[in-house]
Structure formats: C-alpha cells, structure tokens
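Enquirer: Before I ask anything, here is the structure I am working with.
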Amino acid sequence: MRDKADVWQGTLALMVLKTLETMGPLHGYGIARRIEQTSGNVLSLNYGTLYPALLKLEQEGAIASEWGASENNRKAKFYKLTRAGRKQLAKEAANWEQTTAILARFMESREEPA
Amino acid sequence: MNGLRAWILRLAGLWKGEERDRDVAAELEAHLQLHIDDNLRAGMSAEEARREAILKLGGIEATKQVCRERNGVPVIENLLRDARFAARQLRKNPGFTCTAVLMLALGMCASVAIFAFVDASLIKPLPYRSPARLVAVYESNPMCPECNLSYPDYLDWKKLNTVFRSLEIYGNAGYSVSTPSGLEPTHGTRVSDGFFRTLGVTPVLGRDFYSGEDLKQAQRAVMLSYSAWQKRYGGKPDVLGRTAVLSGDAYIVVGVLPAGFHFAPTEPSEFWTAFHAESECDLRRSCHGIYGVARLKDGVTVGTALADMSGIAKQLEKEYPENKGQGAAVLPLSEVIIGRIRPMLLVLLSGAGLLLLIAGVNIASLLLVRSEGRRREMAVRSALGAGRGRLISQFATEGLILAAVGSVLGLVAAIWTMKLLIHLIAADALARMPYLQGLGLNTHLVAFAGAIALLAALLFAVAPTLHHAAAGTIGGLGEGSRGSSGNTWRRLGSKLVVVELATAVVLLVGAGLLSKSLYLLLQVRNGLQPDHLATLSVALPKARYTKDEQIVAVGRQILTRIANVPGVKSAGISSQLPVTYNGNTDWIRFVGRPFNGEHNEVNERDVSAGYLATLEAKLLRGRYFTDAEDLSKPKVVIVNQALARKYFPGQDPIGKQFGDLALSPKSIKQIVGVVDDIREGSLDAEIWPAVYYPFNQATDYYFQIAVRTSQAELSLIPTLKAIIHEIDPGIVAFAGGSMTEQIRNSQSAYMHRTSAWLVGGFAALALALGVFGLYGVIAYSVSQRTREIGVRMALGAERRSVYELILREAGWLTAAGIAIGLLGSIGAARLMSGLLFGVTSWDVETLGVVAGVLGVSAILASFIPARRAAGVNPVEALRME
C-alpha cells in the first residue's frame, strides 16, 4: 500500500510541477483539471489527494502560493513554480525519462526469446 | 535539504495550527466553488453541480486531516494538546491540584532538606587526603574508653608502633590575643610537626611546620586558619614571618591553612601552633591532655592497628607504674567527627522518608479517586474514537505536570528550610560541626531530588493508568460495571489508608519517645539549682601571677568585689562548671589501704569556699571549706556521694585520708565533707566519683566564676567583666552566660531537643495526612454506597445503624493501621535506642497515648462522612439511578 502511494505521490508531484511550468501560475482546481485533460481523461484523479501533494511541494520550496482572483473572479489560491522547483522538475523529468526508457527496453526484450 | 526545510516549516506550523487549518478550509471551499461554476456552465442543476464537485474532491474532512498532519508534527501536537488539556483539567479542579502538589512539595521539602544535612556530614568526604585511612588514637581505661594521651606515652607509641605511616597529636588550647578593643580569648590547637602532612593538607600560603619545629628548642611557630588570616590580618600575604603574641608568648607566623580546611574536634580554632612541649603537664607521663591522629600504613586495618597499640600499651604498663590500667583505642577518624550526630541524622532522614511515603500514598489515593470519578469521561472519549494510547498518555501528562510542579516547589522550599535550620543551630554548636558550613544546593542534592521527582512522576502517571487498565474502563461505556469497580477502588484505597495510618503511628511513637527522652533529660537531677546562676570564664596572665599567693589574693579580691554588687547573693570559683564533661581527673590512693598501683580515677574540681553553697548543692555530712584554708593549712577535701558510695560503702568517709599514687606527704588530704552528687558531666552521662579541693590549695590561671543573683543572669555579666577589668585589665573575662542556658544548650540536650522537635513536626504532619487520607476513603465509600444506604433506610434501617455501618468500616481501618503501626514502631524505636534517654522502645505510656490520639482523630474524621450517610434521603437516593 505504502510503496504504491509513494510512487503515485512522486508521479503526481512531477505532473504538478510540469503543469505549472507549462501553464504558469494556476490554482489547485485548475491544476487538477489540466492533469486530467492532459492524460486524455484516462487518469481519473481524486482531487482531494492533490492538496497534500501541493502542501508538501510548497514546504519543500518547489512551489510558492498566493491568494488571488480566478478568471471568473472567484477567490482562489494560485501556485507558481519557484527557481528551486524548476531545477527539481528538470532533474526529476530526466530521472523519469531514464526510468521509463529502461522499463520500455525491459518490456521489449521480454518478447524476444533468449 | 528540502526535507529539512519541510521539517522546520512543520515544526513552526505547531504554533499557528488554527490559522493553517482555516487556510486549507478556504482553499478547499474555493476549489468547490470553481468546480461548481464549471459544472453549472456544463448545464447541471445547482444541486447536481454541488454533489458532483464534492464527490470528485473525495472527502473534504479526510483531505483537511491529511493537510493538518502535513502542516504540523502529530506526535508533538498531541503532546502539546495533552499538556494544555491537562493544565485545563487541573485548573478546573483546584482543590485536587493544590492538595496533590502541596503534599508532594511537603514530602520533597522535608526529605531534601534533611538529606542536605546527611550529605554534608555523612556522605561528603572529610577535607583530607584519603580520609578513610585516618584514625584517631586514644589511651583507654575502664572509666574512660576513649581518653587523652600523655606526651611521653605518645613519644613511645610513635617510636614503637609498626602500623602507622605517621602518628601525630593535637590538643585544645585557649589563647588570649591583643586586639584594638583589648585582650580577647580565642581558640587554638597545638599540633605536632607532621599533623598537617598526615591529614594531607597543604597551606595556601607559606609553609607547613618543619620536622622538629614542635620541640622545645625550636622557635615557637603558628599557622593561621584561613578565617583568622582574613579577619585578623586582612588577608595580606605579608603576614608570613610576622610575630603573633598568643597569651603573652611570641610565635612566628609560618603559613595559612586553606579555606576549606576544618578539623571538627578542635574547631573553631584560629591559631594552629607547633606543639612545643615544655609545661609540667607536657612532660609528666601521668598527665593526659592530648589526642592522637594517625595515618594507617597500606593494608593495615583498624583492628591490626589496635592490636599493635594495645601490645605497646601493655609493655609501657610494665615499665611505668603510672601506666597501670592504661590501654589503647583506635577508631576511624570519621567516627570521631560525625559518630555522634550520625544516629540523629539517620533518624531524621527516616522520619522525612516516612513523611514522604505518607504524602505519596495520599496522592496515589487522590489520583485513584479522581480517575474513578472520570470513568464515564474516559468511556465517552474512548467511544468517540480516542485510542488506548491516547487516553493513557493523557493521564500520564497530567501526572507529569503534577509531579513537576510539586517537585520544583518542594525543592525551592527545601533550600529555604535548609537555610532556616542552619540559622536555628546555635553558633557554637555550628562551630563544632564545621562540615555543615557551605550547606546548599549541590549535585548530590539535585540527584536526590531528581530521583524523588522521577518516582513521583512514575507514581502519578502509572497509578491511574493501571487502575483503568485493571478496571477495563477504557474500551466500553460500561455503566453496569460501576458498582464492581467502585469496590476494587475501595479495597485498594483501604489498604493504602492502613499503610498511611501505620506510618503515622510509627512517626508519632518516635516523636513521643524522643520528647519523653528530652523531658526526662531536662528533669535529670543535677544536684544544683540552675536558675539565677550567672557564669563567667576568667584567664589570668601567667607572666604576672607566678606565685600561688598572688592567685589566691586576686581570687579573693574578685569574689569580694562581686559579692558587693547589688542583687548578688553569693559567688564562687571552680576550675570547671557543672554539666560540661567528665574529665580533668585525679588519681587517688587511700591512706591505710592495700595498694596494687591501681588508678582510682575521680573528677577533680578546685573550688572556692563558697562555691558549693552558691550552687545550692546539698551537703550530706561534715562541712564546707573555709576561705582561710590555703596552702599554709593542712590539706582538706570534700567528696561527692558517688565517691563515698564506691570507696566507703557502709562507712563514714569523714576524717579519712588519701593522697597521690606515691602518698607523698605533700599530697595527703583529709575528707571534711560529703556533698550530694553534682552533675559534672553531660546530662545523659553517668555520675563519676568526684573530689572538690579548695581553690586556695590548688590554684590555676584559668577558672570559672559562678554567681547566685536575684536579677536576670545575663544583665549581670557586663558588671562582672567591668569589676574584673578594674582589678587588673590584663585579666581576660569571657564566655559569660547562665547555668540554665548552659544546661539547655549542652550537647546532649541540644541533640535531643533538635531530634524531638523535627520528628515531632514530621509526626504532626503525618497525623494530619493520615487522618485526611482516612477521611477521603470513608467519604468516597459513602458516596459510592449512597444507593445501598437509601435502600437500607427505605427498608427501615435507623440512622443509628447507618452511623454504625460507616463508623465500623472506619474503625476497622483505624484499628488495623494502629496495630500494624505499633508493631512497626517498636522495631523502629529499637533502631533509635541510641537517641533515647530513660525510656524503653516499648514505652507503654507513649504507645497508649499515640494509639489514643490517632484513634480519636480518626473517629472524628470519619464522623463527618458518617453524618452525611445518615442524612441520606432514601427517596432521592433511589431516584438517582
């Protein structure tokens, strides 16, 4: 249970960071919708799990938050990427690509008889 | 790095938890609004839009909770919350809180304060190098097992022994020193050259005595105590090499002793002079005036040393007739210094410990009653989801807060109490116990207090927890279990109250026995009338009074002048005042009796013609001296009854003669009177045979004056001093006082009074706490049995039988407590038999009074709840359920 949650949490953090990099400052709801849209609505996100992840990233200094007004003039808390966050994103993205590449090769090699 | 930053933020979050919670709630609310707006735009109905948004968010409360935990540190938050909650609970119940805290503080205060004294005297090592290897060396005889040495004997012992690395001597000395305000008496000590090297003490300034500096041919030399250096020489280093004039003799100052140095047997000593043996007494083998102190060789025990010294003493006995019957005694030096107060301190420490025990038991019962009263609260909280651990930690936190507050209060109070007790010790008694100086907070004390605090914390935290675990409260709303667990408590509480009462009995009996001892001690027959008797010490300057006639003349002059003072009835001179010590003895040999060289040792007092009459001693036979009986007349003597009984059983001693061991013609005296025993020694010591020689036939430079007056004794002292200074300003008159005061402050009375008062105080507190505990148990029992009592009364029980019901319960507990306590106290009294005087450990009177006092107090205490029980309205009691 725990391992799975950690992986998920890690992936979610990466998705949040990438979303903020692409979209600029965004509120929690916006981030959640963007992640769903990007995944082509394949990923069904439980929005509630997003907030602890945001809190953790903020505590670690990867993102910063600020209260502001949404596009339809609702009060909302906006998150933006910090410098440290950008660095973290770059590093974790690279890590992720490497991991997926390895995994991909693994999957391929399985088809060939050894 | 990032992790660290996160933790710091989380710890910081502890302080603004509520603000963070509001922030999270606002953010989630905003999230919902955005989502609902979107859904409405997508064409859902308002209700549907809201429902879908909430569903998608997936549990607002759960999200808030996760955020909350992320924002802070749950364990610490719980602790803080527990502490806040506990503080609130304790504030809400000030009666319970104050009682528990004060009881702990009281127990702590008593035991820590007493422990400070125990630590300073019994635990802290003496300020010498490896003090455990130091021994005191005495000559001994059947009458005086630890007695002074003579200088010639010391020289032989030093030469012949094989067990000591070094053997040294010291002797008390009084010196007069000249100060800007005239001559002043002060205490000094004469020591042999290696005394300080043997103790392992090095001077802070100057040098130690060199080997041979204590001999007659060497220049007289002195070392100063640190305080004398500060007081008399302003602490200046140029004191070395200067000359100090002590009783008319010039001494060169060679060194200053360290500030921490003390030597209880001769304190308060300012001048430590090299021995310089030259007086008649120093050189005579039968004159015993000094004490030995030695360092054992490695591997030698006190027992071996004693065997060696006894062998040497036997050899000397054969060689010198005057050594007949003189053995040797060797004791650890620490025994000599603290041996006398050890039993008292241990008794006091046990008393304080018992008080602490009662306080602890009382607090434990309070906690149990309280946790009993909170069963339902616990059950509700546990039903609402509080885990077992959380409930237990809640109790533990409360206990820890109580223990911490009580301990800190107790420690502070103990420091004050210590200061107070030190102030209550008379200055001269304190001077004899130099190891008590600098008493105060130290690591031993803090460790001791810490241990008590830890025990208290454990008791406070664990008692209610165990209780709940045993009663199974945690985990169910067991309304039905109420009656049965109430019984559990009642049984446990009863046991505790029996322990309390028994302990109180032990303390009360201890206090009773000590008070009775003190009373008997002060009632002891002294053979004199102590009130309205003023006393003064006088020292003549040796250089000016070289002839006996001169001393006799000045003595007569002083007494005549004093007798003329208004209010003075009579006055007398004695070489030593009564109720001081047995000693300053003479050896006598009776004329016309067979003699085997035995030593008939008797107290010798040289007194003026009017002295015994001034004391209002009782003359049993014969006559007192006349003032005319001086050295030109035949020698006469008055003996006490103890001497008459011992040496003249069934005979009339009047007219009998005795002299010195050689019966030299000059020493022959005729007995002219028998006086009733006067207590020369301490109150609890035996009466020795005593001889009273006429002062005019046995003069001394140093003597005491006793004055019978009709005024207050102390108001007379300045007049007496003025008269003496008028006669000769070179005479030192000092230590003026009254006989009643001297008896009251004599060491044995002092020790008995101190222990009686302190143990009495502990006992009074113990009685109060014990009775309070009994009241608590009975009151609780009544509150638990209200319904039962209601039923009984509804069924026709009378008020009287309800009283009986409750008082019987109290009666059983009290009886059990008293019975166990009496048994215990007989044992305890046996342990302190060294402190008892004239009473046995099973003194029926004391035991009876204690049982009575406790029994009556207990019945009174349980009468209040019994009355409440009898006042129960059956209808209301039954409706309560």
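Enquirer: Note down the magnitude of the dipole of chain B about its Cα centre, charges +1 on Lys and Arg C-beta and -1 on Asp and Glu C-beta and zero elsewhere, to the nearest 20 debye.
Expert: Dipole size: approximately 1780 debye.
Enquirer: For B:S801, what charge total do you get from the other residues with a beta carbon under 15 Å from its beta carbon, if Lys and Arg give +1 and Asp and Glu give -1?
Expert: Working: positive: B:R785, B:R792, B:R799, B:R800, B:R808, B:R867; negative: B:E788, B:E798, B:E804, B:E809.
Around B:S801, the charge tally is +2.
Enquirer: Let me ask you something else. About the Cα centre of the stretch B:143-324, what is the dipole size in debye to 20, counting +1 per Lys and Arg Cβ and -1 per Asp and Glu Cβ, all else neutral?
Expert: 280 debye
Enquirer: Sticking with this structure for a sec: How many angstrom lie between the Cα centre of the stretch B:88-129 and the Cα centre of the stretch B:624-650?
Expert: 58 Å
Enquirer: Please state the charge dipole magnitude for the protein assembly as shown, taken about the Cα centre, from unit charges on C-beta atoms (+1 on K and R, -1 on D and E), reported in debye and rounded to the nearest 20.
Expert: 1980 debye
Enquirer: Using Cα pairs under 8 angstrom and six or more residues apart, how large is the relative contact order of the stretch B:2-72, in percent?
Expert: 50 percent
Enquirer: Which of B:T266, B:Q394, B:G790 sits farthest toward the positive end of the charge dipole of chain B, with +1 on the Cβ of Lys and Arg and -1 on the Cβ of Asp and Glu?
Expert: About the Cα centre, the residue reaching furthest to the positive side is B:G790.
Enquirer: Fewest Cβ neighbours within 10 Å first, please rank B:F703, A:F106 accordingly.
Expert: A:F106, B:F703
Enquirer: Between the stretch B:680-732 and the stretch B:537-604, what is the separation of their alpha carbon centroids in Å?
Expert: 9 Å
Enquirer: What's the average, rounded to a whole number, of partner chain beta-carbon atoms within 10 Å of each residue's beta-carbon in B:32-39?
Expert: For peptide B:32-39, the averaged partner shielding equals 4.
Enquirer: How big is chain B in terms of Cα radius of gyration and Dmax, in angstroms?
Expert: According to the Cα coordinates of chain B, Rg and Dmax are 38.7, 144 Å.
Enquirer: Evaluate peptide A:51-64: per residue, the Cβ atoms of other protein chains within 10 Å of its Cβ; return the mean as an integer.
Expert: Partner Cβ neighbours, averaged per residue: 5.
Enquirer: Could you work out the local net charge near B:L714, counting Lys and Arg as +1, Asp and Glu as -1, over the other residues with Cβ closer than 14 Å to its Cβ?
Expert: On the way: positive: B:K721, B:R744; negative: B:D531, B:E713, B:E741.
Once all neighbours under 14 Å are counted, the net charge is -1.
Enquirer: Can you give me the three principal axis dimensions of the protein assembly as shown from its C-alpha atoms, in Å, biggest first?
Expert: Projected onto its principal axes, the Cα set of the protein assembly as shown covers 144, 86, 66 Å.
Enquirer: Shifting gears a bit: Order the peptides B:100-107, A:60-67 from the highest to the lowest mean number of other Cβ atoms within 10 Å of their residues.
Expert: Output ranking for B:100-107, A:60-67: B:100-107, A:60-67.
Enquirer: Can you list the DSSP H helices in chain B whose Cα atoms extend at least 20 Å along the helix axis and whose mean Kyte-Doolittle hydropathy is 1.0 or higher?
Expert: The qualifying helices are B:94-118, B:342-373, B:388-424, B:443-471, B:844-870.
Enquirer: With unit charges on the beta carbons (Lys and Arg positive, Asp and Glu negative) and the dipole taken about the Cα centre of the protein assembly as shown, which residue among B:S537, B:L436, B:C67 sits farthest to the positive side?
Expert: B:C67
Enquirer: Another question, then. What is the helix-to-structure angle for A:2-23, meaning the angle in degrees between its Cα long axis and the longest Cα principal axis of chain A, kept from 0 to 90 and rounded to the nearest 10?
Expert: 60 degrees
Enquirer: I've got another one for you. By count of other Cβ within 10 Å, fewest leading, how are B:I76, B:I60, B:I818 ordered? All intermediate terms of the calculation are to be shown ahead of the outcome.
Expert: Working: B:I76 12, B:I60 16, B:I818 22.
Arranged by neighbour count, lowest to highest, B:I76, B:I60, B:I818 become B:I76, B:I60, B:I818.
Enquirer: Only helical DSSP H runs with n ≥ 4 go in: add -39500 (n - 2.57) per run for chain A, normalise by residue count and round the 222 nm mean residue ellipticity to 500 deg cm²/dmol.
Expert: Estimated from H runs of four or more residues: -21500 deg cm²/dmol.
Enquirer: Under 12 Å from the Cβ of B:M309, count the other residues' Cβ atoms, weight Lys and Arg +1, Asp and Glu -1, and hand me the total.
Expert: Once positives and negatives cancel, what remains is -2.
Enquirer: Among B:P694, B:G95, B:S746, whose Cα sits farthest toward the positive end of the charge dipole of chain B (+1 at Cβ of Lys/Arg, -1 at Cβ of Asp/Glu, about the Cα centre)?
Expert: Comparing the listed Cα positions along the dipole, B:G95 ranks first.
Enquirer: Same structure again: What list do you get for B:F625, B:F595, B:F117 if you sort them by fewest beta carbons within 10 Å? Walk me through the intermediate numbers first.
Expert: Details: B:F625 25, B:F595 12, B:F117 22.
Fewest to most other Cβ atoms nearby, the residues stand as B:F595, B:F117, B:F625.
Enquirer: Compute the distance from the alpha-carbon center of the stretch B:178-249 to that of the stretch B:392-419, in whole Å.
Expert: Between the Cα centre of the stretch B:178-249 and that of the stretch B:392-419, the gap is 50 Å.
Enquirer: Related question: Could you name the aspartates and glutamates whose alpha carbon sits less than 15 Å from that of B:K56, not counting residues in the same chain fewer than 8 places away?
Expert: In chain and number order, the partners are A:E36, B:E29, B:D37, B:D38, B:E47, B:E48.
Every number in this text was worked out from the coordinates using simple rules, so none of it is lab data. Nothing here was measured: the structure is a model prediction, and the numbers come from that model. Glycine also receives a Cβ, built like all others from the backbone with ideal geometry; neighbour counts cover every protein chain displayed.
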